[in-house]
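In what follows, a structure is listed as structure tokens, so that the remarks can point back to it.
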Amino acid sequence: EAQVTQNPRYLITVTGKKLTVTCSQNMNHEYMSWYRQDPGLGLRQIYYSMNVEVTDKGDVPEGYKVSRKEKRNFPLILESPSPNQTSLYFCASSLSRSSNQPQHFGDGTRLSIL
Amino acid sequence: AQSVSQHNHHVILSEAASLELGCNYSYGGTVNLFWYVQYPGQHLQLLLKYFSGDPLVKGIKGFEAEFIKSKFSFNLRKPSVQWSDTAEYFCAVNLIKAAGNKLTFGGGTRVLVKP
């Protein structure tokens, strides 16, 4: 089954403790992206990757890092999480960087930073 | 910078009522337009998309949307809603010539359909 898989689904942690949210897709998609969803703000793009070893900042990249060493994986790293990063995070992928390619979303990861 | 506005944050209606959700975007260039739906506790799913051609597009589950270029709008409609349409709906815009496949989302509209 074609899917985007995120782990963990839920995480409660404390300020400053490094964490990684994994994202994996099995559709051989080139383009992957991370969004955060906050009430009333919709989804905002954090980082994106157009292919292996090619990543770039989205609209709200501060406090986050990503890597794309393999085509299927696109982990999101919070080196020193802070309470303002408490949010619902979605990973998405699409076949290519072309703007007419619909994005496929993972089930989301709810992070609470205390 | 481009932005997407959804006029209603919350909509409550009864089954069989008609639904229309407004969406306006601020960018003057060529865009691709999407509506996504998020059912409670689930990920976003594509409802419909507009790239070119007929400005009235039909999507899944009886939804349709009309692109009006002069009004920078892409409103979503359904003639008769069901309880199962309770969800949050997001309008999204994608610039044709942007770097990468970047979606800009509206703030979302929570729709509650009462049985």
Residue set B:GLY29, B:GLY41, B:GLY22; condition of a type in the set (Gly, Ala, Ser) and free of Cβ contacts under 8 Å to residues at least 40 places away in the same chain; output residue B:GLY41
Only residues in region B:3-18 that are farther than 21 Å from B:SER84 by Cβ count as the first member; pair them with residues that are among the charged types (D, E, K, R) and loosely packed, with under 13 Cβ neighbours inside 10 Å, Cβ under 6 angstrom, at least 6 apart or cross-chain, and list the lot. none
Residue ID - modelled with the lowest pLDDT, chosen from residues in region B:1-31 that are among the aliphatic types (A, V, I, L, M), surrounded by 13 or more Cβ atoms within 10 Å (Cβ to Cβ) and assigned to a strand (DSSP E or B): B:VAL31
Give the residue that is modelled with the lowest pLDDT, with candidates limited to residues of region B:32-78 that are under 23 Å from A:ARG97 (Cα atoms) and loosely packed, with under 13 Cβ neighbours inside 10 Å. B:SER52
Filter region A:21-33 down to residues that are closer than 13 Å to B:ASN101 by Cβ and more than 8 Å from chain B (Cβ to nearest Cβ) and give me whichever is nearest to the chain's Cα centre (by Cα). A:MET32
Evaluate region B:49-57: report whether one residue or more is within 9 Å of chain A (Cβ to nearest Cβ) and either assigned to a strand (DSSP E or B) or in contact (Cβ under 8 Å) with a residue 40 or more places away in the chain (or both). yes
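The values are calculated or read from the model by the stated rules, or taken from the named source; none is laboratory data. Values in this document were obtained by computation on a predicted structure and should not be read as measured data. Note that we place each Cβ from the backbone using ideal geometry, even for glycine, and neighbour counts take in every protein chain shown.
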